[in-house]
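See below for the structure under consideration.
The values are calculated or read from the model by the stated rules, or taken from the named source; none is laboratory data. Just so it is clear, the structure is predicted and the values come from calculations on it, not from any experiment. Here the Cβ positions follow ideal geometry from the backbone for every residue, glycine too, while neighbour counts run over all protein chains shown.
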């Protein structure tokens, strides 16, 4: 997993609430057990016609979102089944960040999706609804919208507009160091080996 660094990227805003994991990657793509090659499947039902051609009206197919690395949705993003493939598709399409609003008691993200993002190097940012509304307004023009994501300072910057966000310190550290669960465990390899030796049950 790559270390998460401050970057400036293009925003792609999908103006829908309750985007579930089946919308992110439909079930027909779950046959593969490989962890690569899922980027093209992201939003495939919304993104492609039956013959495989692009639907020009879908935001990800429009010129202003070419190369987008910041994905914005509405509340309860990533709800539905727990398929990790959904996060693989998001990341392999090139998105490093997903943003969604907290709307009253409705969460910004489904818990399992948010946790899977952290394990795969994708930063999830939750913001107040009015700030996300402002982002959608900024994306409504027919040209790319760029934003800078600074995880160190926990800032999201759109030119003169700046939003602060909270992030779990443990998640922040793992993203900054580029550590997934296995890599984090290997930091303690000596201790693990010593434990195994001292608890060897073989005669």
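Observations
- For region 15-41, residues that are in a loop (DSSP other than H, G, I, E, B), surrounded by 17 or more Cβ atoms within 10 Å (Cβ to Cβ) and touching a strand residue (DSSP E or B) at 6+ places or on another chain (Cβ under 9 Å) total 1.
- Against the numbered list (1) in a loop (DSSP other than H, G, I, E, B); (2) within 16 Å of residue 25 (Cα to Cα), residue 75 comes up short only at (2).
- Residue in region 162-170 that is over 23 Å from residue 88 (Cα atoms), part of a loop (DSSP other than H, G, I, E, B) and either at pLDDT below 95 or in contact with a strand residue (DSSP E or B) (Cβ under 8 Å, 6 or more places away or on another chain) (or both) present: yes
- Selection of region 114-125 for residues being more than 17 Å from residue 93 (Cβ to Cβ) and buried (at least 20 other Cβ atoms within 10 Å of the Cβ) yields 114, 118, 125.
- Residues of region 103-113 satisfying the condition of being surrounded by fewer than 22 Cβ atoms within 10 Å (Cβ to Cβ) and either in a helix (DSSP H, G or I) or touching a helix residue (DSSP H, G or I) at 6+ places or on another chain (Cβ under 7 Å) (or both): 103, 111, 112
- When region 91-109 is limited to residues that are without any contact (Cβ under 8 Å) to a residue 60 or more places away in the chain and under 9 Å from the mean Cα position of the chain (by Cα), the one that is farthest from residue 38 (Cα to Cα) turns out to be 99.
- Checking every residue in region 44-52 against the condition of being within 23 Å of residue 149 (Cα to Cα), surrounded by 15 or more Cβ atoms within 10 Å (Cβ to Cβ) and modelled with pLDDT of 95 or more gives zero matches.
- Matching option when the condition is more than 21 Å from residue 122 (Cα to Cα), outside any loop (DSSP other than H, G, I, E, B) and either out of contact with any strand residue (DSSP E or B) (no Cβ under 6 Å at 6 or more places or on another chain) or touching a residue at least 60 places away in the same chain (Cβ under 8 Å) (or both), among 88, 46: 46
- Given (1) touching a strand residue (DSSP E or B) at 6+ places or on another chain (Cβ under 9 Å); (2) closer than 19 Å to residue 80 by Cβ; (3) free of Cβ contacts under 8 Å to residues at least 60 places away in the same chain, index of the condition residue 130 fails: (2)
- Test: residue 98 is touching a strand residue (DSSP E or B) at 6+ places or on another chain (Cβ under 8 Å) and either at pLDDT below 95 or closer than 25 Å to residue 142 by Cα (or both): yes
- Members of region 142-158 that are in contact (Cβ under 8 Å) with a residue 12 or more places away in the chain, surrounded by fewer than 17 Cβ atoms within 10 Å (Cβ to Cβ) and outside any strand (DSSP E or B): 142, 143, 152, 154
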